[in-house]
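What follows is a short report on a single structure.
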Amino acid sequence: MNINDYSQCSQSGSALIVSLIMLLLISLIGVGSMQGTILQERMASNLHDRNIAFQASERALRVGENWLAGSAGTAITSDRLDTPESWDGTADGGVTVAANDDQLSADPSYHTGWVSDFCPGLQAGAPCFERFAVTSRGQGGTDTSVVILQSMFMPQPL
């Protein structure tokens, strides 16, 4: 056999087609992983925003309970919120807590309202407790991340 016989063999060019298909598959895998990463980043951001809102609401709740511990006589005339889940934080006598936090889209607030009397002792002269609902509302970095907390608080009898 001579060299001219090898040069006249026909070539099909399948290497180009195979490499283009491999490039397409690698591109699809890359785009899919980028979309998954973007989704995870959004979820982490939303969780962080919710945690900031929760901490702000928790702070307002504690401020409200501390205020109530010293001012139960004043708070006995206010009613608890009928629908705390739709409370905007300002209506119905809400008290704003200055947070001085640039991460928050709004300062948290709280509301205290009388719920009922609670008399645990059956003996005559046993002290009764006033039971109050303390509701707080906090917003995270955006106004769509809202956390509303509520606790039942019984200060020492008057």
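Only the coordinates and a few stated rules stand behind these numbers; no lab work does. These figures come from a predicted structure and were not determined experimentally. Because the Cβ atoms are built from the backbone with ideal geometry, glycine has one as well, and the counts that use them run over all protein chains shown.
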Q) So how far, in whole Å, is the C-alpha centre of the stretch 106-158 from the one of the stretch 60-98? A) 7 Å
Q) Just one of (i) 47, 31, 28; (ii) 122, 36, 23; (iii) 54, 37, 30 is Cα extents along the principal axes in Å calculated from these coordinates, so which is it? A) (ii)
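Given a Förster distance of 30 Å, report the FRET efficiency between M43 and N100 from their Cβ-Cβ distance, rounded to the nearest 0.05.
0.55
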Q) Just for the chain, what percent of DSSP beta bridges are antiparallel, to the closest 5? A) 95 percent
Q) How much mean residue ellipticity at 222 nm does the chain get from its helices, if each DSSP H run of length 4 or more adds -39500 (n - 2.57) and you divide by all residues, to the nearest 500 deg cm²/dmol? A) -14500 deg cm²/dmol
Q) For helix 14-70, what angle does its Cα long axis make with the longest principal axis of the chain, in degrees from 0 to 90 and rounded to 10? A) 10 degrees
(Q) Cut-off is 10 Å between beta-carbons; in what order do F153, F118 appear when sorted fewest neighbours first? (A) F118, F153
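List the relative contact order of the stretch 14-153 as a percent without decimals, with contacts defined as Cα pairs under 8 Å and 6+ residues apart.
Details: 229 pairs, mean separation 39.0, N = 140.
Averaging sequence separation for qualifying contacts and normalising by length gives 28 percent for the stretch 14-153.
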